[in-house]
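Structure first, commentary second.
The values are calculated or read from the model by the stated rules, or taken from the named source; none is laboratory data. Because the structure is a prediction, the values reported are computed rather than measured. In this analysis, Cβ positions are derived from the backbone assuming ideal geometry, glycine residues included, and neighbour counts consider all displayed protein chains. Only protein heavy atoms, including side chains, enter the accessible area calculation; ligands, DNA and RNA are left aside. Shrake-Rupley method; radii C 1.70, N 1.55, O 1.52, S 1.80 Å.
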2 protein chains.
Amino acid sequence: MRTFGGVEAGGSKFSCILGSEPDNISSERTIRTTTPEKTLAEVIEFFAEASEPISSIGIGSFGPVELNKSSRFYGYITNTPKPGWQNTDISGTIGRALKVPIFIDTDTNAAGLAETKWGSAKSLNFVLYVTVGTGIGGGCIINGKPYHGLLHPEMGHMRIPHDKKQDPFPGACSFHGDCLEGLASGQAIYKRWEVPGENLPTNHPAWILETEYIATGLVNLICTLSPQRIILGGGVMKRIELFDPIRTKVRDLANRYFDHPQFQDKISEYIVPPMLGTRAGVLGALALAKDGLAS
Amino acid sequence: MRTFGGVEAGGSKFSCILGSEPDNISSERTIRTTTPEKTLAEVIEFFAEASEPISSIGIGSFGPVELNKSSRFYGYITNTPKPGWQNTDISGTIGRALKVPIFIDTDTNAAGLAETKWGSAKSLNFVLYVTVGTGIGGGCIINGKPYHGLLHPEMGHMRIPHDKKQDPFPGACSFHGDCLEGLASGQAIYKRWEVPGENLPTNHPAWILETEYIATGLVNLICTLSPQRIILGGGVMKRIELFDPIRTKVRDLANRYFDHPQFQDKISEYIVPPMLGTRAGVLGALALAKDGLAS
């Protein structure tokens, strides 16, 4: 069996993995995200120590990432707000040092791919993965492949209704103020209430707003993509008690317009947590490595 | 050269066409939409009169349409609000009478397909077609094929911000009130101002609202699908003077987040009118017939 590498490149840590599939992982390491030079050197070191040859490495990265193969900046992290990481050739740096093919995509697309291959959306053709964490992002896996267009999707930045009487918070997005991410991300919760979400009690009004915003975002994504299933992950969604109110709100907002049991009595099978949990991202990177080489 | 049939099935008229491509059309007919029995009989009559054998017929239909081939209602118009047309087997009725293969899709997907094949989005892989007419709909053509998911997209029904101080109109959508279609469709304009849009002068405040709502809808679609080009058609968009303010508003709302010239100085090539005009739908139906048989 061949060995592949996976890197989940995140704003606070890089997770690295070596193996072939979830049940066959030979080694893992977590590296703190500091400067590109230092962090990527540690990533390269991890893979260089591997006892078997590596066929290819997949990277699921925070973004924006240049995914257009005809661009001279292919595989770069581009205009990220993360200090020091603008225009970082993450793909080229790792690939040149280790002399292996690199396949890169967004962190959300990678996680969606892993859930489609091995998790909550196995064998489905139209899968939507949405993460609600520090930011909000979404990836669409169509026939087993992450969807891109001109650029990659930035689903968290859609505009949704915002009743300023109910919620006077102006929004936390530095580009768009009260877009979905600006209203409902972990960062928005923190800035609105001045307390991290994980410290807020279950009956805090934060969760009423959160339910409404996330459900509205999902309804907009359903209108556009009509996925067969929605995997809802990320740090905020570790509060598993949010799932039922979000499902109810989605059903209410759809208001019987979508004529399918998935939007009625089967909605608990329609909007689900990730089966691979926090490992979806790094396993997705492994899947990118395997699929990239196969195609 | 083989002959194909195309039907654009609309709420007020059915357009029928016979030929092989835009420059080779042998016959056309427009039929008023009355009851399913009467209208479909006239459609069948048109094709039965053809002097050459018809290889296949494509239908681009108002919806919702059942497009899941494993459903026993495949090819039906399903829960449409149009009186008399609920659960109409449009595909089966035409196919059985004429004994030809039928390929059906939504009217918007058909129009998007025609624009991708012969019009404003020739040879692009990720094309978004949005129509703003009596209703609002969108179709996404990925690698030359109309995208479906669990159901087909219903992009007009996304929720967008609605400032009720600026625009106290509650929205015209019978399912969702002030969704995009409820705020910005031709019907919404008519209900809000009690005058049909075509009778409103260019400097009427209706067009400021229209610009804002359509641009917001497009930004949400860009966030989700990141198309290479957006074709903006439908009756309302015949007001060609709306294009520039919509482009400016899209650029302002995106606020330099999307790092690509298409969202800056090249935006006039990015959001464009349909090249095939009002014939996009029926030519798209012809394309469905051809592509369906080829695949």
A:Ser27 being more than 22 Å from the chain's Cα centre (by Cα) and in a strand (DSSP E or B): yes
Enumeration of residues in the range A:217-255 that are within 9 Å of another protein chain (Cβ to nearest Cβ), polar (S, T, N, Q) and open to solvent by 10 Å² or more (accessible area, probe 1.4 Å): A:Gln228, A:Asn255
Verdict on A:Gly292 being open to solvent by less than 30 Å² (accessible area, probe 1.4 Å) and touching a Leu at 6+ places or on another chain (Cβ under 7 Å): no
Flag if B:Lys191 is of a type in the set (D, E, K, R) and within 14 Å of another protein chain (Cβ to nearest Cβ): no
Test result for B:Thr108, hydroxyl-bearing (Ser, Thr, Tyr) and crowded, with 21+ Cβ neighbours inside 10 Å: yes
In the range A:63-97, residue surrounded by the most Cβ atoms within 10 Å (Cβ to Cβ) [restricted to those that are assigned to a helix (DSSP H, G or I) and touching a residue at least 60 places away in the same chain (Cβ under 8 Å)]: A:Ile90
Residue, farthest from A:Asp259 (Cα to Cα), within the range B:65-117, restricted to residues that are of a type in the set (A, V, I, L, M) and under 16 Å from the mean Cα position of the chain (by Cα): B:Ala114
Every residue from the range A:256-294 that is among the polar types (S, T, N, Q) and more than 14 Å from every other protein chain (Cβ to nearest Cβ): A:Ser268, A:Thr278
Odd one out for B:Thr211, checked against (1) at pLDDT 95 or above; (2) open to solvent by 30 Å² or more (accessible area, probe 1.4 Å); (3) among the polar types (S, T, N, Q): (2)
Test result for A:Ser185, at pLDDT 95 or above and surrounded by 24 or more Cβ atoms within 10 Å (Cβ to Cβ): yes
When residues of the range B:150-165 are limited to those that are open to solvent by less than 20 Å² (accessible area, probe 1.4 Å) and either among the acidic types (Asp, Glu) or facing chain A (nearest Cβ under 7 Å) (or both), the one farthest from B:Glu66 (Cα to Cα): B:Ile160
Count - residues of the range B:111-147 that are over 18 Å from B:Ser185 (Cα atoms) and at pLDDT below 95: 1
Scan of the range A:148-175 for residues that are modelled with pLDDT of 95 or more, out of contact with any strand residue (DSSP E or B) (no Cβ under 6 Å at 6 or more places or on another chain) and small (Gly, Ala, Ser), ordered by number: A:Ala172
Given (1) within 14 Å of chain A (Cβ to nearest Cβ); (2) open to solvent by less than 30 Å² (accessible area, probe 1.4 Å); (3) under 19 Å from the mean Cα position of the chain (by Cα); (4) not charged (D, E, K, R), index of the condition B:Gly177 fails: (3)
Where a residue in the range A:241-254 is under 21 Å from A:Pro201 (Cα atoms) and its partner, wherever it lies, is open to solvent by 60 Å² or more (accessible area, probe 1.4 Å) and modelled with pLDDT of 95 or more, with Cβ under 9 Å and at least six apart: A:Glu241/A:Thr202; A:Phe243/A:Ser268; A:Asp244/A:Ser268; A:Pro245/A:Ile208; A:Arg247/A:Ser268
Qualifying position, being within 14 Å of another protein chain (Cβ to nearest Cβ) and within 18 Å of A:Leu283 (Cβ to Cβ), among A:Gly139, A:Gly135, A:Gly58: A:Gly139
Breaking point among (1) within 22 Å of B:Pro64 (Cβ to Cβ); (2) open to solvent by 10 Å² or more (accessible area, probe 1.4 Å); (3) without any contact (Cβ under 8 Å) to a residue 24 or more places away in the chain; (4) not aromatic (Phe, Trp, Tyr), for A:Asn203: (1)
Search result, residues across the range A:70-115 that are of a type in the set (D, E, K, R) and under 14 Å from A:Tyr147 (Cα atoms): A:Asp105, A:Asp107
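For A:Arg279, state whether it is assigned to a helix (DSSP H, G or I), at pLDDT 95 or above and open to solvent by 30 Å² or more (accessible area, probe 1.4 Å).
The answer is no for A:Arg279.
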Tally, over the range A:25-43, of residues that are closer than 19 Å to A:Ala287 by Cα and open to solvent by 30 Å² or more (accessible area, probe 1.4 Å): 6
Residue within the range B:111-118 that is surrounded by fewer than 24 Cβ atoms within 10 Å (Cβ to Cβ), of a type in the set (Phe, Trp, Tyr) and within 14 Å of another protein chain (Cβ to nearest Cβ) present: no
Residue in the range A:1-24 that is least open to solvent (accessible area, probe 1.4 Å), counting only those that are without any contact (Cβ under 8 Å) to a residue 40 or more places away in the chain and of a type in the set (D, E, K, R): A:Lys13
